[in-house]
Amino acid sequence: NQHSTSETNQSLTEAATKIQKLLQQLEQIYPINTPLEKQIVVIEVLKRIENNPTLKTWLVGALKGVSTESLKELIDHPLVNVLLAALEGYQEVD
């Protein structure tokens, strides 16, 4: 089904864009020089997602049935692997 594939790709691209923007915003506030600092940024991204139920629901929906590898390719940020591992946890809970 071509239509649902393009919708999935669009959702994937939107999710990647939102995640990358969050990472970039927080990187301006918090340093990411040490492993601990990197974890703090990931936690802050997760907090922002948690505090925005609309965003959380949308992200979980957008990530359903999508490989995290595809998302990793779209997000150009050093913390993407750690964050996506945490986001996979959302899919298991919901």
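The values are calculated or read from the model by the stated rules, or taken from the named source; none is laboratory data. Everything quoted here is computed from the prediction, not taken from an experiment. Cβ atoms come from the backbone with ideal geometry, glycine included; neighbour counts cover every protein chain shown.
Filtered by the rule that a residue be modelled with pLDDT under 90 and closer than 20 Å to residue 9 by Cβ, the stretch 74-94 gives 84, 87, 88, 91.
In the condition set (1) within 10 Å of the chain's Cα centre (by Cα); (2) touching a residue at least 40 places away in the same chain (Cβ under 8 Å), residue 22 is compliant with all but (2). Could you tell me whether the stretch 41-52 includes any residue that is exposed (fewer than 11 other Cβ atoms within 10 Å of the Cβ) and either modelled with pLDDT under 90 or part of a helix (DSSP H, G or I) (or both)? No, because not a single residue in the stretch 41-52 is exposed (fewer than 11 other Cβ atoms within 10 Å of the Cβ) and either modelled with pLDDT under 90 or part of a helix (DSSP H, G or I) (or both). For the stretch 56-73, filtered to residues that are within 24 Å of residue 30 (Cα to Cα) and crowded, with 17+ Cβ neighbours inside 10 Å, the residue that is modelled with the highest pLDDT is 56. Residues that are of a type in the set (Val, Ile, Thr), assigned to a helix (DSSP H, G or I) and without any contact (Cβ under 8 Å) to a residue 24 or more places away in the chain do not occur anywhere in the stretch 72-90. Considering only residues in the stretch 11-40 that are part of a loop (DSSP other than H, G, I, E, B) and not hydroxyl-bearing (Ser, Thr, Tyr), the one that is surrounded by the most Cβ atoms within 10 Å (Cβ to Cβ) turns out to be 32.
Residue pairs whose Cβ atoms lie under 6 Å apart, separated by 6 or more positions or on different chains, with the first residue in the stretch 46-71 and over 24 Å from residue 9 (Cβ atoms) and the second small (Gly, Ala, Ser) and surrounded by fewer than 17 Cβ atoms within 10 Å (Cβ to Cβ), are 46/86.
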